[in-house]
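Everything on this sheet refers to the single structure shown next.
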Amino acid sequence: MASVYFKSLVCSLFDQTKDKAMTFIADLHCDLLSYLEQDVKRTPHDPAVRCSLSQLKAGFVKWQTLAIFTETDSSSVKKGLSQLKIYQQLLRDFPLNMQPYQRFVSTIEEAAPLSVLIAFENASGFCGEQEPLKVGMARLNNFIETIAKPFYISLTWNRENRFGGGALTQIGLKEEGKLLLKELDQKQIAIDLSHTSDALAYEIIDYIDQQSLTLPLIASHSNARTLQYVPRNLPTDIAKEIFKRNGLIGLNLYAPFLGEREESILEHLAFWLELGGEDGICLGTDFFYEKDFTSTYQNREKTFFSQFGDASTYPTLLEFVKKHLKLSDQQIDKWAYQNVTHFLASHLSL
């Protein structure tokens, strides 16, 4: 994937020194894997993806979730497998720069320069529409045993699949979706509501209660619909449920999900805090390469605010929020990384 020169360049970028003033970052969602899967000539150092290795280092990112993104079509599983192989290749090529997340480390300083986790943004990435469900489940189990256990899984992306309805539909939870929820509960893999329809989100929560499941609940990269009315943002009552169940909501920096102005970031965070989310707010910035997505799903003319346009800008973002919302250092640390690391340690046996 990379030349010897390229590897040595990135290694030098990750030679971090201890700085008591820095605030580390834990981010729930970026699309580096799908970016690399699109073209073999691409590298994890390309700034176009907004979450390149050098950008992550410059932003003091300590924990990064790498989403495995596929739409639901005949190539979903193939693309999912390809992105998992890229994840493995990254670990082989850059062992001094990134390592798989390890739950038990004594201090932050003892952790890897960058601890990475994987997640499925769409369950179609491991279970195709036309194959027996048991084949997809066996594939997921094999991934867990041989590669890594996912941090979280979303049943769907924006459209419908065999498990339920995505964010751009009104379809709820299907029978095979219920079976998958039970599987995730047994494995203690978090369920992600960021790409569910409203009906699917409500029915997932109802099913968890009906079956007395202990399934961790998150919205990895979503904002508040009451402030920016788009289907991908969360209704207030769903957000309240996530916070009530000690889950996480990751602030998405994609501008169409925030609003017209940079100050929209402050408004969404303030709203989550008003809902009692101090221990559940985090970052799910959704950095991606906009040219890989059709205009059906996003406006290429307006993707991210320039001041907060890639992972290197996290220090600027934290200072912006601290200054304008008058948050304490402790509140900033919770939002930046502590809520995520506490969730990982408390709810998931990764």
remark   = Over region 204-227, the set of residues outside any helix (DSSP H, G or I) and under 20 Å from Thr169 (Cβ atoms) is Ala219, Ser220, His221, Ser222, Asn223, Arg225
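So which residues in region 164-174 are under 26 Å from Asn141 (Cβ atoms), part of a loop (DSSP other than H, G, I, E, B) and either within 20 Å of the chain's Cα centre (by Cα) or without any contact (Cβ under 8 Å) to a residue 12 or more places away in the chain (or both)?
The one that is under 26 Å from Asn141 (Cβ atoms), part of a loop (DSSP other than H, G, I, E, B) and either within 20 Å of the chain's Cα centre (by Cα) or without any contact (Cβ under 8 Å) to a residue 12 or more places away in the chain (or both): Gly165.
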Matching residues in region 51-92 - criterion: being basic (Lys, Arg) and under 23 Å from Thr341 (Cβ atoms) = Lys57, Lys62
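Any idea which of Ala148, Ala119, Ala112, Ala201 is buried (at least 17 other Cβ atoms within 10 Å of the Cβ), of a type in the set (A, V, I, L, M) and part of a strand (DSSP E or B)?
Residue meeting the stated conditions: Ala119.
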request  = Tell me, please, whether a residue that is modelled with pLDDT of 95 or more, over 15 Å from Leu155 (Cβ atoms) and buried (at least 24 other Cβ atoms within 10 Å of the Cβ) can be found in region 206-221.
outcome  = yes
message = Go through (1) surrounded by fewer than 22 Cβ atoms within 10 Å (Cβ to Cβ); (2) assigned to a helix (DSSP H, G or I) for Leu180 and report which single condition fails.
response = (1)
request  = Tell me which of these Ile191 doesn't satisfy, since it passes every other one: (1) outside any loop (DSSP other than H, G, I, E, B); (2) in contact (Cβ under 8 Å) with a residue 24 or more places away in the chain; (3) out of contact with any helix residue (DSSP H, G or I) (no Cβ under 8 Å at 6 or more places or on another chain); (4) closer than 30 Å to Cys51 by Cα.
outcome  = (3)
message = I need a count of the residues in region 248-268 that are surrounded by fewer than 23 Cβ atoms within 10 Å (Cβ to Cβ) and in a loop (DSSP other than H, G, I, E, B).
response = 5
query = When both residues are 6+ apart or on different chains and their Cβ atoms are under 7 Å apart, which pairs have a first residue that lies in region 303-330 and is closer than 19 Å to Phe24 by Cα, and a second that is of a type in the set (Phe, Trp, Tyr)?
reply = Asp310/Phe287; Ala311/Phe287; Tyr314/Phe60; Pro315/Phe60; Thr316/Phe308; Leu317/Phe308
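Residues that are more than 29 Å from Ala167 (Cα to Cα), at least 2 per element: which helices (runs of 4 or more DSSP H) completely within region 21-99 meet that?
Correct list: 53-58, 76-93.
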key: Residues that are in contact with a strand residue (DSSP E or B) (Cβ under 8 Å, 6 or more places away or on another chain) and either buried (at least 18 other Cβ atoms within 10 Å of the Cβ) or of a type in the set (Ser, Thr, Tyr) (or both), drawn from region 269-290   = Leu269, Trp272, Gly277, Gly280, Ile281, Cys282, Leu283, Gly284, Thr285, Asp286, Phe287, Phe288
note = The one condition Thr226 fails out of (1) crowded, with 19+ Cβ neighbours inside 10 Å; (2) without any contact (Cβ under 8 Å) to a residue 60 or more places away in the chain; (3) among the β-branched types (Val, Ile, Thr) is (1)
ask   = Do the conditions hold for Ser194, that is, is it surrounded by 24 or more Cβ atoms within 10 Å (Cβ to Cβ), at pLDDT 95 or above and within 30 Å of Gly309 (Cα to Cα)?
value = yes
request  = Sort out which residues of region 127-138 are within 22 Å of Pro216 (Cα to Cα) and either in contact with a Phe, Trp or Tyr (Cβ under 8 Å, 6 or more places away or on another chain) or in a loop (DSSP other than H, G, I, E, B) (or both), and write them in order of number.
outcome  = Cys127, Gly136
query = Restricting region 40-57 to residues that are in contact with a Phe, Trp or Tyr (Cβ under 8 Å, 6 or more places away or on another chain) and over 16 Å from Thr316 (Cβ atoms), which is surrounded by the fewest Cβ atoms within 10 Å (Cβ to Cβ)?
reply = Ala48
note = Subset of region 293-328, residues at pLDDT below 95 and in a helix (DSSP H, G or I), comes to Ser306
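The values are calculated or read from the model by the stated rules, or taken from the named source; none is laboratory data. In this text the structure is predicted, and so the values were computed from the model without any measurement. Reconstructed Cβ throughout: ideal geometry from the backbone, glycine too, with neighbour counts over all protein chains shown.
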